[in-house]
Structure formats: C-alpha cells, structure tokens
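Scroll down for the structure; my scribbles are underneath it.
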Amino acid sequence: MPSRAIWVLFLAGSLLGARSDSRADEPLHRRIDRHIAEQAGTPLAARTTDAEFVRRVYLDLIGRIPSADETRAFLAERSADKRTALIDRLLADDGYARRMRDAFHVMRMERRGDHAEWSRFLEESFAANKPWNQLVAEILKPDLEQPAIRGAAFFHTRRLFTIGQQETDFPGLTRDVGRMFLGIDLQCAQCHDHPFIDDYAQRDFQGLFVAFENTFIRTDVDFPAVGEKLLTQPIKFVSVFTGESGKTGPRLPHGVEIAIPKLGKDDEYVVPPDRKTKFPGIPKFSPLARIAEELPRAENPAFARNIVNRLWFLMLGRGLVHPLDLHHSGNPPSHPELLDELAAAFVDQGYDMQWFVRELALTETYQRSSRLPDGVDDVAEDRFAVAIERGLSAEQLLQSMLLATGERERLLRGSPADKHPALLEKATNSLSGLFASAFGNAPMDPEDRFNPTLRSALLLLNDSKTNGWLEPQSGNLVARLATLDDAAELADALYLAILSRLPTDEERGEVAEVLSRLAHDKPRACRLLAWGLLAGAEFATNH
Amino acid sequence: MPNPKELLARYQPREAHVLRLDSQVRSLRLSPCGRLLAAGDCLGRIRRWQTDDWAELPPLAGHHAWVDNLDFAPGGERLFSADSWGQLRCCDYLGDHPALRWQAEQAHDGWVRGLAVSPDGKLVATCGNDQQVALWSAAKGTLRHKLAAHRVDVYSVCFHPDGRRLYSGDFKGQVIEWDAQRGKQLRRLDAGALFTVSKIQEVGGIRTLAVSPDGATLACGGTEPTQGSNVRGIPTVLLFDLQTGKQTQRLQYGKVNDVFVCQLAFHPDGFFALVTSGQPKQGKFAYHFPGDAQPFFETTELPNCHALAIDAPRRRMAVAATQRVAVAGETALDENGNYQDNSSPIHLFELPDPNAAV
Amino acid sequence: MNYAHLCKPWEHALTRRQLFGSLAGVGLGAAGLARLLQPAAAAEIKARRKQVLFIWIDGGMSQLETWDPKPNTRFGGPFRAIPTSVPGIHISELMPRTAQVMHHLAIVRSLHTQDNSHSAGVPRVQRGDPKNRGVTYPFMGSAVAYWLGDGGSGLPPYVSIRPGGGGFAHADTGFLSPKYGAVVFGDGKPPANMVRPKEISDDDDELRNWLRANAVERYAAGRRPTAAEASNYVHDMARTLMQREELFDTNSLDRRDVERYGSHQLGRHLLQARKMLEAGVTFVKVSTYGWDTHGDNFNGHRSLVPQLDQAFAAVVEDLADRGMLDDVLVITLSEFGRTPRINGHVGRDHWPNAWSVAMAGAGLQRGIAVGHTNAEGTDVASDPLDIGHLFHTWFHVLGIDPTSTEYHVNDQPLPVAHDEMHAIDELLV
C-alpha cells in the first residue's frame, strides 16, 4: 500500500537525515536555537527579563511562582550563569517531581480522577528521573508484585471502569495508548482505514485493540490492577467502507505482528485461575508484556517523537506537531529536522527526561519574551519566535495563589520545616477539587490551550475561600502590606509577591492613588490592589 | 382460629385451568349465578367464558379503551361495567347477545377508576379521575348523587356490608366514609402512607378498597411508594377499625420491586385474598386474616397479577396475571414480523372441599 | 465485535483540498476554535438574533399520551384524544391547554432514531448526531451559543435550568471551547459564587474590577491579544450576570404568572426561562426529570403531562403575545418515546422506533403535524425522520445554513448537522 511506504520513508528518511546532520559535540539547546532562528521568518522576541524568566522557570520546573524573596534574590544575583544555576537548582528541588507528577497526571488521565498509588508512582518515577522507556513499560504492563510501581495500572483501570449499563470502553483505552505514547489518534481507524490520514490504517487500531480488549480490572486485590484473559485467536475485522476484511494479532501501529503462541490446554497459564479467591489466573502469553517490550524502544520511532513533542509542548506551549496526538505525514511538524534531532538525541541520552527538560530550559527559544518585537502585530505560534502564553494549570494556580497571598506561610507557621511538605500536600488536596473544577477542563478534554471560564471568574470574584486569603491575617500578604508606610515600598512588595516583578512607575502611581483614596482603611486598599492583580491575565498565564 | 395447616387444607388454591388471551385484562369477576367469568380488557371489550366448559362467548362491545371495572348485582341479575372514557353500562350477561339495560355515556369525565354495587343491589357507586364519586340507581341508571369532596382522582369505592355506608379512596390516600342514601360525608380516614411525591411525580393511590364481612374492618391496598417513573414501593395493605376510625395494621407483601397490591377481596369466611404486581415478573397471590401478622398463604408463581375474582359458594377463584415470558427486547417482532403484545392469562383455581377430612 | 455504528461514509466524501484547506486555521491560542468561523458568515448569522427555548424531557415521554394518541386501539392506553385549535389535529386529553395553542405549534410524528438506551440516546439526540463521527459533537445549546453568540446581551449565551445541583455543564460543549458550556441554574438558583460576598461593598467591587481591567490592559500591551481578551470575556460576563439578579430571584415572580405557569417546579422553571429569553439569553434549556415510566405509565403521565401542558402552553402563549415567537425557537424533546406495548408493570419501555416531537416559532410552519405512524402506533408510516433532520430544520430557521456551515476540528471539516440528512420541507415556510 503506497501510504504505508510513504510513512516508512517519512520516518526513516528523516531519521537518517537527522543523524548525518547532528553534531554531537554541540549541546542540544544550541542546536534547537539554530533551527528555530533559521526558520523563524520573522523578528525574534527579545530575551526575557530576569523577572519574566524567574517566574516562568519556577512555574515550569517546580509548579509555582517564586516567592518575593526568591525573586528578589534572583534579581540581585550578578553572576553570568545565574539562569543555568537556577535551572539546576530547581531540577534538584523536591518540587520538580511533584510538578512533573501533576503535569503528567493531567496529560495522561485528562481529569478522569486520581489515585494515591498512581500519584505516588508518578512522583517517585520523576524523583528518580526514571528513563521514559522504563516508565512507559511499567504503565503498559503494570507489575502488581511491586508496591512502588503497581499504581501504574490506574492508567488502565480508570479507563476500564464502567458505571451502570455502560459498555467497557476498550476502544477508548486503545485509542489513548496510541495518543499518549505514540502521538497518533487512531479513533477513526477503528472501523476502516482513516478517512483523512493515510498513515492510519484499520489494522493499526485493531492490532493494539486485540491486546487491550483482552484486559480487565482485577477484583481480587484492593489496589488498581489489570489482568489479561487468554488470547488464542487473532482479531478479525472488516472495513465498513470497502468491505475488505483482515485479521491481526497484537501489533504496534506500523509494526510487525506478534505471533500468538499455540499452547496446549494444560499449558496456557503460568498460574491457573482460582475461583475461590477470585484469582483470574496469569496466562503464559501476555500481549501487554509484548507491547510493553516493543513499544518503548528506538525501533519504534513514534515513541520518542511523541514524548519529545509533548515535553516541547509542556515547556513551550505548543507541540512541534500539533495537535499533540496527530503525528502523520499530512500534519507535518513545524520543524521537521528539529523534531528528528530531538528524538534522536533523547534516545541517545537514554530517554533521560530531566536532561531533556534542562536542555529545553537552557534554550534561547525558551528564554524568549512573550512580548512581540517592535512593529509586529502577531506572529504565528508555530515559529516559536515569540513565547506563547500558557494558562497556569489548576495545580500551578493553586500553589501560586497560596504562596502569593501568604496563605501558604500562614498554614506552615509554627510547624517544623520537615513537616511542611506534608502540611502543604494536605492543604492543596483539600482545595484541588475546587481549583480543578474552576480552572481545569472537563474530563477527557486535553488541556492544551488557555481557556478561562465563567466559573473561574466567579471563583475569583466571589468565592469566600479565595477571598478569605486576602483578608488581613497574621503575617499574610495583605497584613504585611498594610504595615508598610511607604507607598512605593508597598507597591514593590505587592508586585513581587503576586507578579514576581517590580512595578512600573505607572503601576506605582496607581498603587499610590488607591492608597490615598482609601487612606482611612489601608488593609482594604491592599486587599483590593492584591485582588486586581490576582484576577488579571498576567497572574493566570505563564507568559 | 384454626391452625395454618387446617386453613390450607380448606383454602389452598389448586390451579384447574388457564385461559390464554391475546389481550391484556384490567378487571375480572365471577358471576353470583356461578355460570360466567367476565373480564374487562384494554380494547373496550368484556370477554366472557362459561364456567362449565370454559368456552368463550362473544365479547360484549360498547365500551372504549380500558374496561377497568366490572361487578355483578348480588343476586346475579345484571352486570355493571365502566371504562376509561367515562362510560357506565348495565346489561344482561348470559347468551350470545345479552341486552343492554341502560348506559350513562359520561358517568364521569374520563377514566372511571372504581365501581361497586350495594349489598341490596339497589345502588351502583362509581368514582373516577374527575375527582367525583357518583351513586346511580341500579335499576334505571338514574343519577342519585354526585359527591365532590375529593380533591384528586378517586381510585376506588366499596360498600359496607350494612349497605348504608360507602367508602371511597383517592390518589393521595384519603378515604371518605359516606352515607350512601343521603349522599353525606360522614368522616375521613387517612391512608396517606400509600402516596408520595417523587421528583415532580405524584405516585401511589388507594388501588383497592374492601370491608370485611363482619363490617368491622376496612382494608386499603396499594403501595408505599419510594420512587416514581419506574414506580417502586412495597405492596401495602392498611387496615382500619371502623368503630374507632383508627388504623390497626400495616401489612406489607415483599420488597420495593413488588410494588402494588392491585386488588383485594374478602372471602365470606373472613380472610382477604389479594394480588400484587410490580416490576416485570413480580407478582403475588396471598390470603390474609385481619389481625394476623402474616398471610397464611402466599405464592409467587404468577407474574404481575392485576385482577382477582372470588366465587366462594363454588370454591372458585380467578386471577388475571401476565404471560410469564415477557416479550424480550423493546423492539422485538414475532416470526411474522408483527409487533408483539403482552397478554393476561387468566388462572382459574379451585379450593378444596371444606367437608373433606382434615 | 461490530463497530459499524461508529462511523459514516460521509467522511470520505470530503476532498483532500477541504482537509488541507482547513489546516490553515488550526491551532490558535486562547480564542480556540471560535476563530475558525469565517467572520462574514458569523456576522450574518448573529445579525438575525434568533433565540431558543429547549425543553428537555428526560427519561422519554410517551408519544401516545401526548402528541400522537391512538385512542381505543390495542396499545392506546386509557386516555381519550381531544381536538385542538387546528381542525384535524388531535392530541391526548392530558394536554388540554396545549390543544388551545396548537395553531402556534408544529408536531413531527414520524421520528425514528437510533438508540434505545438512555446512556446513548440522551447525548446523541441532544448532539443531533445519529452516527458517531469520531469526534464529540456539541449539545445543541453549545452549538447555538457558538454560532449565535450572546446577541449583545452580555449574558451567557447558553443557560440551563434544571432540578438538582447547579454549576457549569462543560461536557455539553463537545469539541468546542468550554466557554460554550451551559451556566446551570440548579432548582432555578444560580451557580455557586454568583453572589458577591457581603463584605465586598459596591465601591470595593468597582474599584477592584477597575484595577483588574487596568492590569489586563497593561499586560496586553505589546502581546498577542488572545489571553487578555479571553480573560476579560469571562470577567465581563460574570459581572453582567451578577448584575441581573432578577433573572434568578424566584421570589420576585409575578403571582399571576405563577398561577398560569403552575406553582410546580416545571412551571417556575419555564417562567424563569421566559424572563431569561426576554433579557436576551440566546439559548435557554429547561430540563425536567423522571419521565422513564417503565412502571405505572398511565398514572405517571397523568401526573406529569399536565404540568408540562400548563407551563408549555403558557410560555408559548406569552412568547406569541410578546411578538417573540417569530424569533424564538421552542422545542420539546426526549431521548426517545415509549413502547406501544404495555408491560406487566403497566408501564411503557424505551422506544426510538416511532415517536414524536413538538416545536414552535422562529419561522417554522404553524399548526401542522408532519408525518404519521400506523394505526396502532407501532411503526412510522410516512418517511421516517431522524434527529439529524430536526437539527437541519432547526439550524436552518436559526439562520445557520446547515448545508454550507462547517466546524473545523483538528484536521476534519465537519458539517453542523448530519450531511446525509436535510431540513424537513413541510416545517419550513
């Protein structure tokens, strides 16, 4: 089939090209900048100011804005490599694993719900900087014998879960494996070769489907666990368009079919089922194990391309391939050679996530301002010539609001430092639902664009909890501001706490004006000033 | 009071025959003369069978839609019937073409829900969705009284054995005791437990009313509803002491899937028989003595029983149920491609000979 | 396993040119898909300013006890049919008030839809999408909000009034941006946080919003406009809505109105809906629950239908009296009808095969009944119509030409309504 050939050439050719081009001695971040600059076709935005940078990198690497003190310290720092030093410090911070946990949880589960073991699996994986191929293998074939990683099964069980008369959504699980780990959305290829995308054939969907349709939620254990039934026959399918039929065993898209072994009746199970204990048995042939083996490796080029594209999106606000799950020859990357190089370098580096994130953070591209160059009205996002503004996730927003308003400090006051992470986790857990419902998307809706909602505005306007954080209470932001006599000093403290930058003269003037208008009630003035900044677009975006 | 074993030896029903129908039945009566079984169906017909050979006679036409109510005059002279379009009819009932004696085309505006004939055979009481209770002369169909004290649909009526008092029960569980001769309200009894509001739906109602042969007890049957739409509730009978007007017993028959006591009727020996219908396949047929905590006979063999008839002198009973295998699938067609209907098989029972050795 | 029901061949009919042509518009930031609408078409659609009252009867209302009675037949049930203000059209006796406004209404009695389960029927009927196209279509309210906007009212374009909890129905938007989701008035009450805390005075509120607007303006200077615009959009809408307290203050309803609409929940909600339409909300959905009468169907409908009858007739009458019916499309809809066969629980079950829907206004034909079922109501006897035909018709009268208007989702151009179907001619003037 010609389309198949095109796909293979497309991948193989570009990979080869990438190799010949790559200069291993040149750090990846330099190579990235070269590609972006060469293909910008438009003036590049200026480098971020230190204030812009410090806010952005805190949000991206540890999931919150910097405190006023952290910002001041960074602004005061004089060393030439202070940005690199900050990146390294943040990557070493405990907050990095939590930030990646949150970002990957939202990306992988798309707000379907959470589970403590899944959350722990993600956080510990990122804390240990587990190679991406290993992490994915652990998700694809969860090992319930290892308590530390068995929570990975939640990826499956949450999708296999049904309510009432619902049918188990095996096609949905299959589709998500393609989307999340390969960057291909095979949904339309379920019943026929994809109508618009020549690269997606029905066989590709069915080859994954046969493995995931064979799974079920284990009910004999009290943690997320997925079991597999015996698979003895390939799946048959018929195109609803052409009537052509086919059959396939487990097979990765564009991969080689995995042979289903012929086993005797007594030889099918490693451990036979036991009805009394509800133990479902462990078949000798595990399609999940085979997929977990074959999917996350270099021979499957889509695997690395997907993750580098997603990390690129995470740091830069848009994928080189966008939408993130539509990698195919009809939707080419904005920078084809760059994507090839990124994927190749990532594989060479042993699927090292932290290394890759660090390289991205070091680029000039990442460190570019979101302000348009002079005389330019708009620039296509896919040139990466001007930083793309990204909405803060519900998680980033919650952490940042707690910090900015001083509520975080108030919660932690009087407790020993070693208790702080647990206290903070507890507080954020109790608020995460409120924030996710106002600032997150609906379940199964990918969060890949800034989407403020009426609900988020109402929460900021009227919610008693968030407004309560602006009531002066011992040591919180408003109380502290109210003790400052000098209007300019107050303005500085206000802007550093909330927007992680110093105010402009115009902004200082505005603060002074409000203070004088409400001179009789300074806490009130401070409360309103703080609210005006918290509810604005600058706070809500990573710009 | 005899022990349960003795009671069963006297009264345990034995199925003698089943009449298979092609339609659903709403009401059922055995004639006092012992010669006829009559059933009102959903197609405006009164179906008739001779009790000696169970041969069917031509149905009586003239009604519309649902014939929910049938009763014979106590002496067996006439058959009274009413339908869901408000028509009340009085006719002879034997032979191929029995004569119509009288009819009231609009006895009620809409659905007639209850009908009873006084013990002396002189009065016919009806009630309906027009919130009215009406009293008619049995002989000529002259309207004697329109009684308008209920505020909602009136679901059931019955006479006291003394013939002077009439009871009507409504959708919201209110019972009114009337002076049947003068058409005056005497008192109210509260069976409100047989009603509830679920979401925006009002659910329940007194589906059946009867007074014990000794005149001491009023039985109100229905359900204690727990939800509307796909109605659920526990089949319930509330017994009232007619001396004091107080509720004396709350009797329940099963779980929330069993739902309605559809009909109850007293046997002259003092117990009442009842049938229930709930979610598809749920149905009971039971006997119960007032004062007892439990029924002394109960069977769940018959699915979805809607109507009951007793001929005590001939030790005969009839129950209209629903065919056991409900039509599968909501769009199911039969082998000829026809849309399938449900039907109400009528189960005929014989009671043992009381003189037989116990 | 057969998944043939998931796709339609129409997808193949689109050319590669359309596909790649559409790619140019993909991938915007804050404005999301809204930008994909060709500006000229959008302006034209919005200029006509149509509105919708969408009455959702959840669980499946029986056509036999309402719009398509079959009195005195095998499955007809106990009720009579009554004449209406349009000679020749009869409806159930449970709807006497509606019978008097029949000259405003159009009934379709020949619906044949695809799903007989709630879980499939509820979303599919409201998405107007009888076949799965591999993407999730918006509910009608979100679609209309997207195409028609707020009409300059500053109010949320899609408001839903329903029993139970309130909040926001983002899932309704399908592939559209969450901002086209419904603002839900649970039990007629506004969503959480609609009312400003007492501690914040009017002056404070003015001041804080002035500060916010200033901050956004300064932020926007020199940047792409979308983030600031999106932020202002939701804040402005929130404040507009907060200032229209009369829209959700159920204590201030006119007593005579309450009497006409009914003091029951559905009556109050439809009265509130009329006020929202008068205030300029583009799409008001009123939901009523509990119509899944598998048991005791006839007493159930005897209790339920008169509530709908009273409130529906009153709102149609009011819209007509105010001259609004020319521009307000009124729809009553369930996920399916109910079986002719009466089950052992004297109930009716799910029945997508042959059922009815009623509508009025926005230039639809008045006083007609389109299509018919056979004598016993067990099948459609005229050309069967699916929900796609209705969506074609409805979009057409709203000024959204379903034959030329398209969404663009990822790399797919998508018709607004099923492109193998068409508007129902008899309903169009």
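At 7 Å along Cα-to-Cβ for each site, give me the label-to-label distance between B:F297 and C:E420 in nm.
Using points 7 Å along Cα→Cβ, the separation is 6.0 nm.
Give the angle, between 0 and 90 degrees and rounded to the nearest 10, that separates the Cα long axis of helix C:118-127 from the longest principal axis of the Cα atoms of chain C.
The two axes meet at around 60 degrees.
Suppose all protein chains stay in the model; what accessible area per residue would a 1.4 Å probe give for chain B, in Å²?
Values: 14030 Å² over 358 residues.
Accessible area per residue: 39 Å².
What is the distance in Å between the Cα centres of the stretch A:125-179 and the stretch A:208-281?
With the stretch A:125-179 and the stretch A:208-281 each reduced to a Cα centre, they are spaced 16 Å.
How much accessible area is lost when chains C and B come together, counting both sides, with a 1.4 Å probe, in Å² rounded to the nearest 100?
On the way: alone 18750 and 15770 Å², together 30990 Å².
So the buried area, both faces added, is about 3500 Å².
Please report, in debye to the nearest 20, how large the charge dipole of the protein assembly as shown is about its Cα centre when each Lys and Arg carries +1 at its beta carbon and each Asp and Glu carries -1 there. Before the final figure, lay out each step's value.
On the way: 146 positive and 167 negative charges, 531 e Å.
Charge dipole, the protein assembly as shown, about its Cα centre: 2540 debye, nearest 20.
Do any residues of the stretch B:276-317 lose at least 10 Å² of accessible area when the full set of protein chains is present rather than just their chain alone, and if so which, with a 1.4 Å probe?
B:G278, B:P280, B:N304, B:H306
Accessible area per residue of chain C at 1.4 Å probe, in Å²? Present the calculation step by step, with values, prior to reporting the outcome.
Values: 13900 Å² over 429 residues.
Spelled out: the 1.4 Å probe surface of chain C, per residue, equals 32 Å².
Which of the peptides C:95-103, A:90-98, A:253-261 is most tightly packed, and how do the rest follow, judged by the mean count of other Cβ atoms within 10 Å per residue?
C:95-103, A:90-98, A:253-261
Is the shape of chain C best called rounded, prolate or oblate, per the rule: a/c under 1.5 gives rounded, else a/b larger than b/c gives prolate, else oblate, with a ≥ b ≥ c the square roots of the Cα gyration tensor eigenvalues? Walk me through the intermediate numbers first.
Details: a/c = 2.03, a/b = 1.33, b/c = 1.53.
Oblate, because a/c is 1.5 or more while a/b does not exceed b/c.
Based on the mean of other Cβ atoms within 10 Å per residue, sort peptides C:76-83, A:459-466, B:122-129, A:34-41 so the most packed one is first. Intermediate results must be reported in sequence, preceding the final value.
Values: C:76-83: 21.5, A:459-466: 19.2, B:122-129: 24.8, A:34-41: 15.5.
Descending mean neighbour count gives B:122-129, C:76-83, A:459-466, A:34-41.
Along the charge dipole of chain A, pointing to its positive end and built from +1/-1 on Cβ of Lys, Arg, Asp and Glu, which listed residue (A:Q146, A:Q349, A:L360) has its Cα farthest out?
The listed residue farthest towards the positive side: A:Q146.
Of C:H104, C:Y137, C:A120, which is farthest along the charge dipole of the stretch C:83-146 in the positive direction, counting Lys and Arg as +1 and Asp and Glu as -1 at C-beta?
Working it through, the farthest residue towards the positive pole turns out to be C:Y137.
How big is the dipole moment of chain A about its Cα centre under a simple scheme where the beta carbon of each Lys and Arg is +1, that of each Asp and Glu is -1, and everything else is neutral? Debye, nearest 20, please.
Working: 66 positive and 80 negative charges, 244 e Å.
It works out to roughly 1180 debye.
Let's see if you can work this out: charge +1 on each Lys and Arg Cβ, -1 on each Asp and Glu Cβ, no other charges. What is the dipole magnitude of the stretch B:1-101 about its Cα centre, in debye to the nearest 20?
On the way: 13 positive and 13 negative charges, 40 e Å.
So the dipole magnitude of the stretch B:1-101 works out to roughly 200 debye.
What angle do you read, to the nearest 10 degrees and between 0 and 90, between the alpha-carbon axis of helix C:226-243 and the longest principal axis of chain C?
The two axes meet at around 60 degrees.
Can you work out the accessible area per residue across chain A, with the rest of the protein chains kept in place, probe 1.4 Å, in square angstrom?
Numbers: 21510 Å² over 543 residues.
On a per-residue basis, chain A sits at 40 Å².
Shielding of C:72-83 by partners, i.e. mean partner chain Cβ atoms within 10 Å per residue? Intermediate results must be reported in sequence, preceding the final value.
On the way: counts 10, 4, 8, 6, 7, 4, 15, 7, 8, 0, 0, 0.
Mean partner-chain Cβ count within 10 Å for C:72-83: 6.
Chains C and A: what accessible area do they bury, summed, in square angstrom to the nearest 100, with a 1.4 Å probe?
Details: alone 18750 and 24530 Å², together 37190 Å².
That pair of chains buries around 6100 Å² in total.
What figure, in Å² to the nearest 10, do you get for the accessible area of C:E206 with a 1.4 Å probe and non-protein molecules left out?
Its heavy atoms expose roughly 100 Å² to the probe.
Is the shape of the stretch A:220-311 best called rounded, prolate or oblate, per the rule: a/c under 1.5 gives rounded, else a/b larger than b/c gives prolate, else oblate, with a ≥ b ≥ c the square roots of the Cα gyration tensor eigenvalues? Numbers along the way, then the final one.
Details: a/c = 2.10, a/b = 1.33, b/c = 1.58.
Note, shape of the stretch A:220-311 comes out oblate.
Within a Cβ distance under 13 Å of C:R274, other residues only, what is the Lys/Arg minus Asp/Glu net charge? Mind showing how you got there, number by number?
Values: positive: C:R260, C:R268, C:K275, C:R322; negative: C:E246, C:D254, C:D257, C:E278, C:E317, C:D318, C:D321.
With Lys, Arg at +1 and Asp, Glu at -1, the net is -3.
For C:200-212, what's the mean count of beta carbons from other chains sitting within 10 Å of each residue's beta carbon?
The shielding value for this peptide is 6.
Please tell me which of these pairs span more than 19 angstrom C-alpha to C-alpha: B:K172/B:K255; A:K465/C:K189; A:K141/A:K284; B:K172/B:K281; B:K146/B:K246? If you can, show how the numbers build up before the last one.
Working: B:K172/B:K255 21 Å; A:K465/C:K189 21 Å; A:K141/A:K284 14 Å; B:K172/B:K281 27 Å; B:K146/B:K246 27 Å.
Correct reply: B:K172/B:K255; A:K465/C:K189; B:K172/B:K281; B:K146/B:K246.
Is it possible to state the helix-based mean residue ellipticity at 222 nm for chain A, with each DSSP H run of 4+ residues giving -39500 (n - 2.57), the sum divided by total residues, to the nearest 500 deg cm²/dmol? What is it? Please list the in-between numbers first.
Working: 25 runs with 280 residues, N = 543.
Taking each H run of at least 4 residues, the total per residue is -15500 deg cm²/dmol.
Quick one: if the Förster radius is 35 Å, what FRET efficiency do C:V258 and B:L143 give, using the C-beta to C-beta distance and rounding to 0.05? Display every interim value, and only then the final one.
Values: r = 37 Å, r/R0 = 1.06.
For C:V258 and B:L143, the calculated efficiency is 0.40.
Please name which of B:T226, C:L414, C:N251 has its Cα lying farthest along the dipole of the protein assembly as shown towards the positive end, using unit charges on Cβ (Lys, Arg +1; Asp, Glu -1) and the Cα centre as origin.
Of the candidates, B:T226 comes out farthest on the positive side.
Taking 10 Å² as the minimum loss, tell me which residues in the stretch B:74-88 lose that much accessible area going from the chain by itself to the full protein complex (1.4 Å probe).
B:S84, B:W85
Relative contact order (percent) for chain A, with alpha-carbon contacts under 8 angstrom and 6 or more residues of separation? Working shown, then result.
On the way: 824 pairs, mean separation 99.0, N = 543.
Result for chain A is 18 percent.
To the nearest 0.05, how large is the calculated FRET efficiency for C:E278 and A:K278 if R₀ is 56 Å and r is the Cβ-Cβ distance? Working shown, then result.
On the way: r = 60 Å, r/R0 = 1.07.
Rounded to the nearest 0.05, the efficiency is 0.40.
Which of the residues in the stretch C:232-252 lose at least 50 Å² of accessible area when you go from the chain alone to all protein chains together (probe 1.4 Å)?
Buried by 50 Å² or more upon assembly, which counts only protein chains, are C:V234, C:H235.
Rounded to the nearest 5, what is the percent of antiparallel bridges among the DSSP beta bridges in chain A?
Values: 15 of 15 bridges.
Around 100 percent antiparallel, to the nearest 5.
Under 1.5 on a/c is rounded, so check that first for the stretch C:225-310, then, if it is not, pick prolate when a/b is larger than b/c and oblate when it is not; a ≥ b ≥ c are the square roots of the alpha carbon gyration tensor eigenvalues. Don't jump to the answer; show the numbers that get you there.
On the way: a/c = 4.05, a/b = 1.92, b/c = 2.11.
Taking the square roots of the gyration eigenvalues as a ≥ b ≥ c, the stretch C:225-310 is oblate.
Once the Cα atoms of helix A:170-182 and of chain A are each reduced to a long axis, what angle between those two axes, in degrees from 0 to 90 to the nearest 10, is obtained?
60
Calculate what fraction, in whole %, of the accessible area of the protein assembly as shown sits on carbon and sulfur atoms when a 1.4 Å probe is rolled over the protein chains.
Ligands and nucleic acids excluded, carbon and sulfur give 49 percent.
Can you pull the mean other chain C-beta count within 10 Å for peptide C:301-310? Mind dumping the intermediate values first?
On the way: counts 1, 7, 10, 6, 0, 0, 3, 1, 0, 0.
Mean partner-chain Cβ count within 10 Å for C:301-310: 3.
What percent antiparallel are the DSSP beta bridges of chain C, to the nearest 5? Write down the numbers at each step before the final one.
On the way: 23 of 47 bridges.
Of those bridges, close to 50 percent are antiparallel.
Take the Cα atoms of the protein assembly as shown, build their convex hull, and give its volume per residue in Å³.
On the way: hull volume 292.7 nm³, N = 1330.
Cα-based convex hull of the protein assembly as shown, divided per residue, equals 220 Å³.
The values are calculated or read from the model by the stated rules, or taken from the named source; none is laboratory data. These numbers come from a predicted model, not from an experiment. When we count neighbours, we look across all protein chains shown, and the Cβ atoms used for this are built from the backbone with ideal geometry, even at glycine. Quick note on the areas: whole protein, heavy atoms, side chains included, nothing else; ligands and nucleic acids left out. Shrake-Rupley method; radii C 1.70, N 1.55, O 1.52, S 1.80 Å.
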